[in-house]
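Note sheet for the following structure.
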Amino acid sequence: MAAAGVVAEPKTKYDRQLRIWGDQGQAALEKASICLLNCGPTGTEALKNLVLGGIGSVTVVDGSKVEASDLGNNFLLDERCLGQPRAKSICSFLQELNDAVKAKFVEETPATLIDTNPSFFSQFTVVIATQLPESSLLKLDDICRKADIVLVAARSYGLTGLVRVSVKEHSVIESKPDHFLDDLRLHNPWAELKQFAKSIDISDKDPVVHKHTPYIVILVRLAEKWADSHDGNLPSTRQEKREFKDLIRAHMLNVNEENYKEAVESSYKVSVTPGISNEIRRIIDDNSAEVDSSSSDFWILVAALKEFVANEGNGELPLEGTIPDMTSLTEYYVSLQKIYQAKAEADCLAMEHRVKDILKRIGRHPDSISRAYIKTFCKNARKLRVCRYRSIEEEFSSPIVSEVQRYFTDEDYSYAMNFYILLRAVDRLSANYNRLPGIFDSEIDEDIPRLKTVATSVLSEMGLSGASLSEDLITEICRFGGAEIHTVAAFIGGVASQEVIKLVTKQFVPLRGTFIFNGIDLKSQVLEL
């Protein structure tokens, strides 16, 4: 533990998160500049998480003064803040959480700033817009898209809330999927791997050697044996795969050999379809892979990858170069590691040459893309992702009717779709009456039919003419009265900050649609509209 008064080193201070997104991810966070619009509980919760994570700088835009009602749902405010600018008070408390983060505030209503000073937002990496009405959100989205700034919209409303990412394009190299097949190339072993496998006698009767032969070697040898007796083909049908497992078991000296059990469990890796996945094929065939001097580093690497696959890769992507744990003699395992690492290094070197050639062709310095970046790209080549988002204006004015109808009629998604429509209806009603529905108890009974009428209009615009919303949900939305309940705000703010971290670090895949939280049934769903 650090002594009192001593500032913790970044690697100690951020130790846990460094294990998730590494030094590169943390460096990206520390360079990022975040703008928060409205520092109510939802926005404050989002910013609190980012400040604790070591974001570079934050700017809070809010024109409100702290009122007594703020003390009940915003834990960063206390009685000393009453009457003070809310943005100033929040910034002060955020600095206490992490003094390494630069925090400043602008005492201005976000809607006014959007209307009068749109260039203000071009200085930021990400803009987090919380509790913005539809009219202001549409303007802000247009501003951010023109300036290539990432927008994350978040809103909590009673027992519901939403989060929406908006950016023209977002590329991800380190998508880090939960489950992904090891890149072992057992279906297409290269010369050095074949040679090593042949150097080990899998029929050796020495029990120590036999039960410590790595399953990679067992599968390479037996796959070759299978292919020799099947016209060069590997097992593909269910029956053939079953027979291949029997072939593996036939080489066991006893039933307790863990390495052979691992070989049986991993036998399907021999039957992996050669080549690249459809998703990666779509990326390398994308028009953006036709690069020029204005292309991003990511697309230049994709262009190099396309050339690599067609040449050195012989239809395959660069090898990742890692192998999983397995039962093995230490010398065998270390030898295998070196073989995989050498192949990965050779593939990376070939990619590096192609990247340099492309950079020269388009008039950029051949060393303008670092080797570390190329290496990371090669290691994650199978997991690349490109996310493109429709603008919020497009989503509202040109809904994908087939998706809207599917969500609305799907029992699992119906409530999420109801909330989505009702939140849009709330904004329209608020614009007409200059207040949120249900904010006055005496008018709830009148607001319910008003909200229903406006929501029906939204339904019609989305291609759902004749459809009806849940009467119970319409009533509940009015009863919410626009309240930001702290528990819901904390959850929505947490989701928003999580998406910001994904977008800034370019690790993990961000939300592909509108995230809806249903606090009544405690369900969360994403609507890709």
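The values are calculated or read from the model by the stated rules, or taken from the named source; none is laboratory data. Values in this document were obtained by computation on a predicted structure and should not be read as measured data. Reconstructed Cβ throughout: ideal geometry from the backbone, glycine too, with neighbour counts over all protein chains shown. Just the protein is used for accessible areas: all its heavy atoms, side chains included, with ligands, DNA and RNA removed. Shrake-Rupley method; radii C 1.70, N 1.55, O 1.52, S 1.80 Å.
Taking the Cα centre of each part, how many Å lie between segment 415-461 and segment 201-249?
Each part's Cα centre sits 66 Å from the other's.
What is the extension gain from Leu18 to Ser296, computed as 0.36 nm multiplied by their sequence separation minus the C-alpha to C-alpha distance, in nm to one decimal?
97.5 nm
Among the listed pairs Lys261/Lys343; Lys13/Lys343; Lys269/Lys338; Lys31/Lys168, which are separated by more than 25 Å between their Cα atoms?
Lys261/Lys343; Lys13/Lys343
Be a star and scan segment 248-276 for residues whose amide nitrogen sits under 15 Å from the point 7 Å along the Cα-to-Cβ vector of Gln239.
Flagged as within label range: none.
In whole Å and largest first, what semi-axes does the C-alpha gyration tensor of segment 375-435 yield when each eigenvalue is scaled by 5 and square-rooted?
Equivalent ellipsoid semi-axes, largest first: 35, 17, 11 Å.
At q = 0.09, 0.10 Å⁻¹, what is the log10 ratio I(q)/I(0) for segment 124-255, with the Debye formula run over Cα points and no solvent?
After summing over all Cα pairs, the log10 values are -0.57, -0.60.
Please report the spacing between the Cα centers of segment 380-407 and segment 486-504 in Å, no decimals.
Computed from Cα coordinates, the inter-centre distance equals 20 Å.
Could you list, bin by bin from short to long, the percent of Cα-Cα pairs of segment 191-270 in 10 Å steps?
19, 54, 26, 2
How long is the chain along each principal axis, judged by its Cα atoms, biggest number first, in Å?
Projected onto its principal axes, the Cα set of the chain covers 87, 59, 51 Å.
Which whole-number percent is the relative contact order of the chain (Cα, under 8 Å, 6+ apart)?
In percent, rounded to a whole number, it is 20.
With a probe of 1.4 Å, find how much accessible area the chain has per residue, and write the answer as a whole number in Å².
47 Å²
With every protein chain kept in the model, how would you rank Glu108, Glu499 by accessible area, 1.4 Å probe, largest at the top?
Descending accessible area places them as Glu108, Glu499.
What figure in square angstrom, to the nearest 10, would you give for the accessible area of Asp23 with a 1.4 Å probe?
Rounded to the nearest 10, that gives 90 Å².
Classify segment 245-335 as rounded, prolate or oblate, taking a ≥ b ≥ c as the square roots of the eigenvalues of its Cα gyration tensor: rounded when a/c is under 1.5, otherwise prolate if a/b is larger than b/c and oblate if not.
Taking the square roots of the gyration eigenvalues as a ≥ b ≥ c, segment 245-335 is prolate.
When the chain is fully extended, how far beyond the present Cα-Cα distance does Tyr433 get from Tyr268, taking 0.36 nm per residue of separation?
53.1 nm
Keeping every protein chain in place, order Tyr413, Tyr407 by accessible area at 1.4 Å, biggest value first, i.e. largest first.
Listed by decreasing accessible area, they come as Tyr413, Tyr407.
Can you give the accessible area of Glu107, probe radius 1.4 Å, in Å² rounded to 10?
Accessible area of Glu107: about 90 Å².
Grab the Cα-Cα distance for Phe440 and Lys205, subtract it from 0.36 nm times how many residues apart they are, and report the gain in nm with one decimal.
So the chain would gain 76.1 nm between Phe440 and Lys205.
Net charge around Asp410, counting only other residues with Cβ within less than 15 Å of its Cβ (Lys, Arg = +1; Asp, Glu = -1)?
Cβ neighbours under 15 Å give a net charge of -3.
Take the alpha carbon atoms of segment 505-529, find their center, do the same for segment 93-147, and report the distance between the two centers in whole angstrom.
That distance is 22 Å.
Taking a 1.4 Å probe, which of Thr44, Thr487 shows the most accessible area, and what order do the others take after it?
Result, largest first: Thr487, Thr44.
Would segment 23-168 count as rounded, prolate or oblate if I go by the C-alpha gyration tensor, calling it rounded below 1.5 in a/c and otherwise prolate when a/b exceeds b/c, oblate otherwise?
oblate
With all protein chains present, how much of the accessible area of segment 392-480 (probe radius 1.4 Å) comes from carbon and sulfur, to the nearest whole percent?
46 percent
Spin-label point model (7 Å from Cα, Cβ direction): what's the Phe180 to Arg361 distance in nm?
About 2.7 nm, to one decimal.
Is the C-alpha gyration tensor of segment 367-517 telling us rounded, prolate or oblate? Criteria: a/c under 1.5 is rounded; beyond that, a/b larger than b/c is prolate, otherwise oblate.
In terms of gyration-tensor shape, prolate.
Quickly estimate the mean residue ellipticity at 222 nm for the chain, helices only: each DSSP H run with n ≥ 4 gives -39500 (n - 2.57), and the total goes over all residues, rounded to 500.
Computed mean residue ellipticity for the chain: -15000 deg cm²/dmol.
At 7 Å along the Cα-to-beta-carbon direction for both Ser122 and Ala147, put a label point, then send me their distance in nm to one decimal.
Placing both labels 7 Å along Cα→Cβ, they lie 0.8 nm apart.
Can you list which of the DSSP-assigned H helices in the chain have a Cα extent of 15 Å or more along the long axis and an average Kyte-Doolittle score of at least -0.5?
Membrane-span-like by this criterion, though nothing is claimed about a membrane: 41-52, 86-97, 134-146, 215-228, 297-310, 414-433, 444-461, 486-505.
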